[in-house]
Amino acid sequence: MNEGDRLSQFYSVFPWFDDPGSERGRTYFEVTLAAMGKLVEHPWIGKISQRGPVEILEICGGAGFGGVALAKRLVDADVEVELTITDLRPEALERARMFGAEELGKAPATLVLDARKVHELEKNFDIILLYGLSTPHFDPWAFAELLAAVGEVTKPEGIFVVEETDRRYRIFIQMGYKWALAEGADERLAVSFHTGYDPYRGTVKRHYLDLGSPGAGVAMETFMWGLAEAGAFLWVFFEEVDFVRLRDVRHFILGRGPRRRIVPRDLERPGVVR
């Protein structure tokens, strides 16, 4: 099973906001619009907005909630925007095209692409966005590859924006890590079970089951990022780093000015994690 199919299977089991037309999807979009309202108030974004058309790339974009909301906030401020959304799931990108056309009056450009390969694109962007708490899909080795690739397509004064939460505090200190967990109960109930740990990649393996569809399940490995290490990783690849607090322990991490001292071709994984 390739990674795109695995993600499609995962999001068919895991309760997430993947349909902009659903009631939960609309509620999530309103929350996202509020978050993007805080983001566009940041002076780094304001400086970019003053220079003319703003080119935005959303990676791991799914149905485009983050990219469409950011573009909408900028358009509402009379800023011209060009939006591109990438993901590994074609069906999610089709929703993003329809959603973007509905909200912005113009469908975003979409592309099926591994986020660690964005350096293969033939253009640079003012803002690159990773929204939807997607960092757990990247272990530290993969996140370094991602940041090297993102730095290659970020304009010299461009910004990489990552939505992040402090999982160390929320999961390990506040809640305690759960070996078995009910993942949602609104539209469908899923449960997950801890089934392994990889010490060289730092990932936990969990098996997810949809209780409404007997036999539907998928195993996923994730890395439990916190704010500090995610911010430090950005600092290695960007000259400046800042945080925008959204609510509770959820933040935007902003990296401005790609260093480009470590490029994708420099990163060949050690055999132990390859």
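The values are calculated or read from the model by the stated rules, or taken from the named source; none is laboratory data. This is a predicted model, so every value here is computed, not measured. Here Cβ is always computed from backbone atoms with ideal geometry, including for glycine, and neighbour counts include all displayed protein chains.
Answer yes or no as to whether residue 55 is in contact (Cβ under 8 Å) with a residue 60 or more places away in the chain and closer than 26 Å to residue 257 by Cβ. Answer is yes for this residue.
Restricting 154, 135 to residues that are of a type in the set (Val, Ile, Thr) and in contact with a helix residue (DSSP H, G or I) (Cβ under 8 Å, 6 or more places away or on another chain) narrows the list to 135. Just one of (1) closer than 18 Å to residue 130 by Cα; (2) out of contact with any Pro (no Cβ under 9 Å at 6 or more places or on another chain); (3) not basic (Lys, Arg) fails for residue 82. It is (2). Per the listing 37, 67, 21, the residue uniquely of a type outside the set (Val, Ile, Thr), assigned to a helix (DSSP H, G or I) and farther than 22 Å from residue 122 by Cα is 37. Please tell me if residue 100 is crowded, with 21+ Cβ neighbours inside 10 Å and either over 30 Å from residue 261 (Cα atoms) or polar (S, T, N, Q) (or both). Yes. Filter the stretch 75-95 down to the residues that are surrounded by fewer than 21 Cβ atoms within 10 Å (Cβ to Cβ) and more than 18 Å from the chain's Cα centre (by Cα) and list them by number. Across the stretch 75-95, the qualifying residues are 75, 76, 77, 78, 79, 80, 82. When 96, 92, 144 are checked against the criterion of being touching a residue at least 40 places away in the same chain (Cβ under 8 Å), closer than 18 Å to residue 11 by Cβ and either in a helix (DSSP H, G or I) or not assigned by TED's automatic domain parsing to the domain that holds residue 269 (or both), 92 stands alone in meeting it. Listed by position, the strands (runs of 3 or more DSSP E) contained in the stretch 178-253 that have at least 2 residues being without any contact (Cβ under 8 Å) to a residue 24 or more places away in the chain and surrounded by fewer than 18 Cβ atoms within 10 Å (Cβ to Cβ) are 180-184, 190-198, 203-210, 238-247. Say whether the condition of being crowded, with 23+ Cβ neighbours inside 10 Å, of a type in the set (Val, Ile, Thr) and farther than 25 Å from residue 37 by Cβ is met by at least one residue in the stretch 60-73. No, the stretch 60-73 has no match at all.
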